[in-house]
1. Just to be sure I understand the filter: pairs with C-beta atoms under 7 Å, separated by 6 or more residues or on different chains, first member in the range 85-97 and of a type in the set (D, E, K, R), second member surrounded by fewer than 20 Cβ atoms within 10 Å (Cβ to Cβ). Which pairs pass?
2. Restricting attention to the range 12-35, report how many residues are under 30 Å from Asn124 (Cβ atoms) and modelled with pLDDT under 75.
3. Got at least one residue in the range 134-142 being modelled with pLDDT of 90 or more, within 24 Å of Phe68 (Cβ to Cβ) and of a type in the set (Lys, Arg)?
4. So Thr114 ticks every box in (1) surrounded by 13 or more Cβ atoms within 10 Å (Cβ to Cβ); (2) of a type in the set (S, T, N, Q); (3) under 14 Å from Phe77 (Cα atoms) but one. Which box is left unticked?
5. Need a quick list: strands (runs of 3 or more DSSP E) entirely within the range 70-171 having at least 2 residues that are acidic (Asp, Glu).
6. Answer yes or no as to whether Thr144 is farther than 25 Å from Leu169 by Cβ and not hydrophobic (A, V, I, L, M, F, W, C).
7. So which residues in the range 141-171 are closer than 13 Å to Trp121 by Cα, crowded, with 17+ Cβ neighbours inside 10 Å and of a type in the set (A, V, I, L, M, F, W, C)?
Amino acid sequence: MKNTKSILIFTGSIVFALGLSYLLRKSINGKEIAVVLFALFLFLFLLHFFLRKNVKYKSFFMSKWNVFTTKYKKEDFIDISPDLLFEKFIDIIEGSTFKVSSSNKVNYEIFAITPLTMRSWGENIYIQFIESKGGSKMKFESSTLFQVTDWGKNKTNHILILDEFNKSLTI
């Protein structure tokens, strides 16, 4: 059951490639090429859109070969244990406009998504806490959904989450 989506996506890609190949061999004119290119971009957009809510496709969104996403990675050191940070960041994200899509307390991993805005189709946010001497290392990764540029949204997401965390520590 887990591989069903992958098999369907692979099969759909093959069918699309064969159809595109057939159309291009039959006749080439401007209108047909425009339709084929539109269909290609629509297919790629829908692929990104449907895969975005599943954490197992993180490597797809964060891959340097995926030219349709903009990536942002940052590591921060926080002098609090991963256990406490994990719970705190879950609370922070749930209290924001972001939505926790999945979390893994064993590995201290959080996967959140942002909603569609006027500047973005949304972003995927991956946070992991790794135990380190005297605290934790926070690995923050963010990628856009089918955008060549992020207009600073990925970095803004990082800053917003850290600002909310710092505010939550103030009494």
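1. Lys88/Phe165; Lys88/Ser168; Glu94/Val100
2. Of the residues in the range 12-35, the ones under 30 Å from Asn124 (Cβ atoms) are 12-17, 19-20.
Those left that are additionally modelled with pLDDT under 75: 12-13, 16-17, 19-20.
Residues that pass the stated criteria total 6.
3. Let us first name the residues in the range 134-142 that are modelled with pLDDT of 90 or more, namely 135-142.
From what is left, the residues that are within 24 Å of Phe68 (Cβ to Cβ) are 139-142.
Then keep just the ones that are of a type in the set (Lys, Arg); that gives 139.
Checked the range 134-142: at least one residue is modelled with pLDDT of 90 or more, within 24 Å of Phe68 (Cβ to Cβ) and of a type in the set (Lys, Arg).
4. Of the numbered conditions (1) surrounded by 13 or more Cβ atoms within 10 Å (Cβ to Cβ); (2) of a type in the set (S, T, N, Q); (3) under 14 Å from Phe77 (Cα atoms), the odd one out for Thr114 is (3).
5. Per the criteria, 71-78, 123-132.
6. Working: farther than 25 Å from Leu169 by Cβ: yes; not hydrophobic (A, V, I, L, M, F, W, C): yes.
In short, yes.
7. Leu145, Phe146
The values are calculated or read from the model by the stated rules, or taken from the named source; none is laboratory data. A quick note: this is a predicted structure, and the numbers were derived from the prediction, not measured. Cβ sites come from the backbone with ideal geometry, for glycine too, and all protein chains shown count toward neighbours.
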